[in-house]
Amino acid sequence: MSEVVLETNLGGVNLLKRGKVRDVYEIDEKLLIVATDRISAFDVILPNGIPGKGEVLTQISLFWFDKTKDIIQNHIITADINEYPPQLKQYIKLLQKRSMLVKKTEPILIECIVRGYISGSGWIEYKQTGKICGIELPKNLKESQKLPEPIFTPSTKAESGHDQNITFEQMYNMIGNDIASQIKDISLKIYDKASQYALEKGIIIADTKMEFGFYNGKLMLIDELLTPDSSRFWLVETYKEGQPQDSFDKQIVRDYLLTLDWNKTYPGPVLPDSIVEKTAKRYKEILEMLTL
């Protein structure tokens, strides 16, 4: 894998936003999204990154965007660096495999989450209320259990801090019934198609989040799609309901950090080489399992 890229600096190109992982540049009416190797845990970006992580996230997103384009259009223009605007040519080595040129959309500020299994914040909410985002669920479900059918559980998209789960009715009040219903239907279709494909590869997609935006009045799928940063991937062969699962994501990092005397505020601790290597291997493994 390539060397660690924690921050990009494309001189002369307008940096629009630097997120936890992605640097977003504006070029005319297009955006260049560059996935760095930064890693965050408990909403804190850690000092050292995971080599190749940005490449994995980009390649998985491109794979799923292509696989779901029969369901809805997405914002991808090209990920071929030879087709990038002239001012980016000098940065080809940096941008290779970890960037994509996309349409500049008007984002809908809602995280569109589909859950096929009960885990994470959904499991916590279910234990307290018997519901997730206002959806009544069967009694006596176990942690990580497969739901009778996938459910759509939106949340607000917070610029900082944690997103907040909302009901479909609240989403309807925010963006209108027609668009809310359309997004719900598309999200469930994408999850259904992706989860069936992943099962054939020995992977369970427990849940995932998607984002949408408008381009010239047309609804589009944007941001990232079905990556280890936006989804819970579990191995079919080790899955066992009634307990937490071993995920293909940064769980290795979270588990390590929980062994430390750290108050989960900035600055975060430097990750040891062994944790970095294990995490990098995990990200690479899910890319190969899904796409090869």
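Okay, here's what the table says:
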item: Exclusive hit being over 21 Å from K157 (Cα atoms) and open to solvent by less than 10 Å² (accessible area, probe 1.4 Å), set G52, G11; result: G52
item: Any hit, the stretch 158-170, residues being β-branched (V, I, T) and not in a loop (DSSP other than H, G, I, E, B); result: no
item: Candidates S187, S181 - the one that is touching a Cys at 6+ places or on another chain (Cβ under 8 Å), in a helix (DSSP H, G or I) and at negative phi; result: S187
item: Every residue from the stretch 38-49 that is open to solvent by 30 Å² or more (accessible area, probe 1.4 Å) and in a loop (DSSP other than H, G, I, E, B); result: F42, D43, P47, N48
item: Selection from the stretch 194-247 of residues that are over 18 Å from I113 (Cα atoms) and either in contact with a strand residue (DSSP E or B) (Cβ under 8 Å, 6 or more places away or on another chain) or of a type in the set (D, E) (or both); result: E200, G202, I203, F214, Y215, L235, V236, E237, Y239, E241, Q245, D246
item: Conditions (1) open to solvent by less than 60 Å² (accessible area, probe 1.4 Å); (2) assigned to a strand (DSSP E or B); (3) under 23 Å from D23 (Cβ atoms); number of the one not met by D229; result: (2)
item: Selected residue (only one of I92, I72 is open to solvent by less than 30 Å² (accessible area, probe 1.4 Å) and in contact with a helix residue (DSSP H, G or I) (Cβ under 8 Å, 6 or more places away or on another chain)); result: I72
item: Some residue of the stretch 67-82 being in a strand (DSSP E or B), under 18 Å from T227 (Cα atoms) and not hydroxyl-bearing (S, T, Y); result: yes
item: Filtered residue count, the stretch 238-264, keeping only those that are open to solvent by 50 Å² or more (accessible area, probe 1.4 Å), part of a helix (DSSP H, G or I) and not β-branched (V, I, T); result: 4
item: Residue satisfying all of: in the stretch 133-159; of a type in the set (V, I, T) and in contact with a Lys or Arg (Cβ under 7 Å, 6 or more places away or on another chain); farthest from N173 (Cα to Cα) among these; result: I151
item: Top-ranked residue in the stretch 113-141 [being hydrophobic (A, V, I, L, M, F, W, C) and in a loop (DSSP other than H, G, I, E, B); ranked as modelled with the lowest pLDDT]; result: C133
item: Positions within the stretch 142-157 being open to solvent by 20 Å² or more (accessible area, probe 1.4 Å) and either among the charged types (D, E, K, R) or assigned to a loop (DSSP other than H, G, I, E, B) (or both), in sequence order; result: K142, E143, Q145, K146, E149, K157
item: Matching entry among T105, T58 (being open to solvent by less than 60 Å² (accessible area, probe 1.4 Å), within 24 Å of I205 (Cα to Cα), touching a residue at least 24 places away in the same chain (Cβ under 8 Å) and not aliphatic (A, V, I, L, M)); result: T58
item: Check on P267, surrounded by fewer than 18 Cβ atoms within 10 Å (Cβ to Cβ) and either of a type in the set (K, R) or modelled with pLDDT under 95 (or both); result: yes
item: Any chance M210 is crowded, with 23+ Cβ neighbours inside 10 Å, over 18 Å from K281 (Cβ atoms) and either of a type in the set (G, A, S) or under 20 Å from the mean Cα position of the chain (by Cα) (or both); result: yes
item: Hey, I110 surrounded by 20 or more Cβ atoms within 10 Å (Cβ to Cβ) and touching a Pro at 6+ places or on another chain (Cβ under 9 Å) or not; result: yes
item: Answer from I71, I76 - the residue that is under 23 Å from Y191 (Cβ atoms) and in contact (Cβ under 8 Å) with a residue 60 or more places away in the chain; result: I71
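The values are calculated or read from the model by the stated rules, or taken from the named source; none is laboratory data. The shown structure was predicted, so the numbers you read here are calculated from the model rather than taken from an experiment. FYI the Cβ positions are ideal-geometry reconstructions off the backbone, even for glycines, and counts take in every protein chain you see. Just so you know, the surface numbers come from the protein's heavy atoms only, side chains and all, with ligands and any DNA or RNA stripped out. Shrake-Rupley method; radii C 1.70, N 1.55, O 1.52, S 1.80 Å.
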